[in-house]
Amino acid sequence: MKPFAIAGLQLQLSASRDNLPHLRARLDYLMGLFPWVQMVVLSELAAYGPSHSRAEPLPGPAERAFQEMAAKHELWLVNGSVFELCDGKVYNTASVIDPEGRVAARYRKMFPFRPYEADVESGDSFCVFDVPEVGRFGVSICYDMWFPETSRSLAALGAEVLVHPCMTTTIDRDVELAMARATAAMNQCFVVEVNGVGDGGNGRSLFVGPAGDVLYQAGTSEELIPLEVDFDRVRRCREFGVRGLGQPLKSFRDSPVNFSVYDPHSPAREYLHALGPLARPERGSRAGIAPAPPAGRGAPAPPPEEPPGEGSR
């Protein structure tokens, strides 16, 4: 057995005020109760919420506060993320801080939640880091998991635990929970997915094992979630298969298929280009309603025009 203790902090967060004092107090409380915890994971944008007005260059004040917290308790800390200001652009960036308070890695979210996060830039680099004598971790943020290429790439880089902060306040949380389980099974890894509550999310943080098994799912209020993960489970699962059956990472490695859909110039992407712009739906949108067929082919008469000021614009 190769155990490692990770705690998720599912906390009540505000979108309008500094959450750092609350984060610090709850971390102190967690470590007082569970001093054996070796890593703590916070939810996405935990420090200040989703306002760009608190974006700061890195290193910056929020990151330094997290460094102090990690050093005080001598643990690994994944700070969820903050909005990073760099060369006039805003990124959604997670910091990985080691037990001495040093920044071991930073990860910029690859897939901002567009079109809603239209003003957030995309990162272009994957993030894996090693805990010495334990194993390798990978980091992704919220909407990244909707793109299986991100998790597969982290697994191919050797990640055995996917650390996944999120800030989901919307009605698709159940979809994300299904994705987290599928991601764990497809990549034979642990998934640690931490959401906030209040302005910070609708909770239901989730720890998943490498066979897609739910280790723990939180409710919708504040929770401290300390759990041990066993790295030998990942290694056994990847060697002998999910429940002794499928070995999808090896099959992916050995596949002769060239996935042409990933070539931006491939004809295989023609359908994707036909989907229209990535735009936020407006009031009265007619998305999904097919246009009338050309006249002279038995087409029904078009509907009467809508009164001014109603319907689509």
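A compact table of results
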| read-out | value |
| --- | --- |
| Residues of type aspartates and glutamates that K89 reaches as a straight line, Cα spacing below 15 Å, ignoring anything fewer than 8 places off in the same chain | E56, E117, D119, E121, D124 |
| Nearest-ten-degree value, helix 231-240 long axis tilted from longest Cα axis of the chain | 60 degrees |
| Global geometry of segment 134-249, whether rounded, prolate or oblate, following the gyration tensor of its Cα atoms and the 1.5 cut on a/c | prolate |
| Hz values of 3J(HN,Hα) by residue in segment 202-219 - Karplus curve (6.51, -1.76, 1.60), Gly and Pro given as x | 10, x, 6, 4, 9, 10, 10, x, x, 9, x, 7, 7, 7, 6, 10, 6, x |
| Angle in degrees between helix 20-33 and the longest Cα principal axis of the chain, rounded to the nearest 10 | 50 degrees |
| Listed peptides 169-178, 17-26, 139-148, 268-277 by packing density, highest first (mean Cβ within 10 Å) | 139-148, 17-26, 169-178, 268-277 |
| Given charges at Cβ of Lys, Arg, Asp, Glu: segment 3-260 dipole, positive-most of P165, S221, M179 | M179 |
| Positive-end residue, the chain charge dipole about Cα centroid, Cβ charges, pick of A25, W76, S14 | W76 |
| From phi via Karplus (6.51, -1.76, 1.60), per-residue ³J(HN,Hα) for segment 178-184 in Hz, x at Gly/Pro | 5, 5, 4, 5, 5, 4, 4 |
| Helix-only mean residue ellipticity at 222 nm for the chain, each DSSP H run of n ≥ 4 adding -39500 (n - 2.57), per residue, nearest 500 | -7000 deg cm²/dmol |
| Unit charges on C-beta of K, R, D, E only; dipole of segment 201-256, Debye | 340 debye |
| Separation in nanometres of the label points that stand 7 Å from Cα toward Cβ, at F240 and A15 | 4.8 nm |
| Selection of trypsin sites (Lys or Arg not before Pro), segment 50-155, meeting DSSP coil and at most 15 other Cβ within 10 Å | R102 |
| Inter-probe distance in nm under a simple model that places probes 7 Å from Cα toward Cβ, at Q217 and H265 | 4.6 nm |
| Convex hull projection area averaged over all views, segment 1-157, Cα basis, nm² | 9.6 nm² |
| Length added when fully stretched, S53-Y116, from 0.36 nm per residue minus Cα-Cα | 21.0 nm |
| Global size of the chain as Cα Rg and Dmax, reported in angstrom | 22.1, 77 |
| Simple label model, 7 Å out from Cα along Cβ direction - A279 to D172, nm | 1.9 nm |
| Lys, Arg +1 and Asp, Glu -1 on Cβ, resulting dipole of segment 3-260 about Cα centre, debye, nearest 20 | 380 debye |
| Cα centroid of segment 1-75 to Cα centroid of segment 268-282, whole Å | 38 Å |
| Amide proton proximity set for C127, modelled H, under 5 Å, gap of 5+ | V139 |
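All of the numbers you see were taken from the coordinates with simple rules; none came from a lab. The model shown is predicted, which means the values in this text are computed figures rather than measured ones. Note that each Cβ is placed from the backbone with ideal geometry, even for glycine, and that neighbours are counted across all protein chains shown.
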